[in-house]
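The values are calculated or read from the model by the stated rules, or taken from the named source; none is laboratory data. Just so it is clear, the model here is predicted, and its values are computed rather than measured. Because the Cβ atoms are built from the backbone with ideal geometry, glycine has one as well, and the counts that use them run over all protein chains shown. Ligands, DNA and RNA are excluded from the accessible area calculation, which covers all protein heavy atoms including side chains. Shrake-Rupley method; radii C 1.70, N 1.55, O 1.52, S 1.80 Å.
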Amino acid sequence: MKQALLIIDMQNGFLNPESPLCIRDARGTVPACAAVIAGCRRAETPVVFINRAYRVDGSDVEHTRRRVWEEGGKPLTPGSTGPLSVENPAEFGREPGDYEIIKPRYSAFFQTPLDLLLRRLGVDTVVLTGTTTPNCIRTTCYDAISLDYQVVVVEDCCSSNTKEIQQANLLDMKNVGAKICSSPEFLASLM
């Protein structure tokens, strides 16, 4: 088994309350995500940041999000800094060996080179972390399973706007075949 860690949408524009796109519980997962990232780097597991960035003119913003995006200061535009920015938390400490993919929609696989990258790296298992569980994590999970990858979801490294939404989506992913574990369980498996 060869794994790759995917860190999905852990960007200031989704983490900070000042952003209209903030996911309520996302910021609280940063320490666990940082520990998992560090553990994967020590284990030489590929680390892939899957980020979202919108064009300044908004031509690629999802129609369901466009109004909030426009009225909320146009978060996640290239070159942005501060609470609305595309930047990942400093705690993640981006390194030269990390990969980055910009995705145009919820799934990390949809119209991105992720599948090609993973196959070139010999990866057969994706480890999902990030936000939001019902949208980007779940759609990536289902696409990964459709592409015959094994899927691990690190539950305390994912977030939703409510605990009920979080638990329902984790259960659905478990029922479709994903392995759900905590960050301590995942880190122990790397040793």
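Listing for the model above:
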| item | result |
| --- | --- |
| So Glu70, is it farther than 26 Å from Ile180 by Cα and either of a type in the set (S, T, N, Q) or part of a loop (DSSP other than H, G, I, E, B) (or both) | no |
| Residue within the range 43-64 that is in contact with a strand residue (DSSP E or B) (Cβ under 7 Å, 6 or more places away or on another chain), open to solvent by 20 Å² or more (accessible area, probe 1.4 Å), in a helix (DSSP H, G or I) and farther than 19 Å from Pro134 by Cβ present | no |
| Residue under evaluation Asp143, criteria (1) in contact with a helix residue (DSSP H, G or I) (Cβ under 9 Å, 6 or more places away or on another chain); (2) over 19 Å from Lys174 (Cβ atoms), criterion not met | (2) |
| Test: residue in the range 79-94 that is of a type in the set (Phe, Trp, Tyr), more than 21 Å from Cys141 (Cα to Cα) and out of contact with any Ser or Thr (no Cβ under 6 Å at 6 or more places or on another chain) | yes |
| Hits in the range 108-130 (condition: polar (S, T, N, Q), open to solvent by less than 10 Å² (accessible area, probe 1.4 Å) and out of contact with any Cys (no Cβ under 7 Å at 6 or more places or on another chain)) | Thr125 |
| Among (1) open to solvent by 10 Å² or more (accessible area, probe 1.4 Å); (2) within 22 Å of Val30 (Cα to Cα); (3) more than 15 Å from the chain's Cα centre (by Cα) - the single one Asn175 does not satisfy | (2) |
| Whichever residue in the range 137-162 is surrounded by fewer than 19 Cβ atoms within 10 Å (Cβ to Cβ) and in contact (Cβ under 8 Å) with a residue 60 or more places away in the chain and, among such residues, is nearest to Pro17 (Cα to Cα) | Asn161 |
| Flag for Gly82 being small (Gly, Ala, Ser) and farther than 25 Å from Ala35 by Cβ | yes |
| Residues located in the range 4-30, provided they are under 20 Å from Thr81 (Cβ atoms), surrounded by fewer than 23 Cβ atoms within 10 Å (Cβ to Cβ) and of a type in the set (Gly, Ala, Ser) | Ser19 |
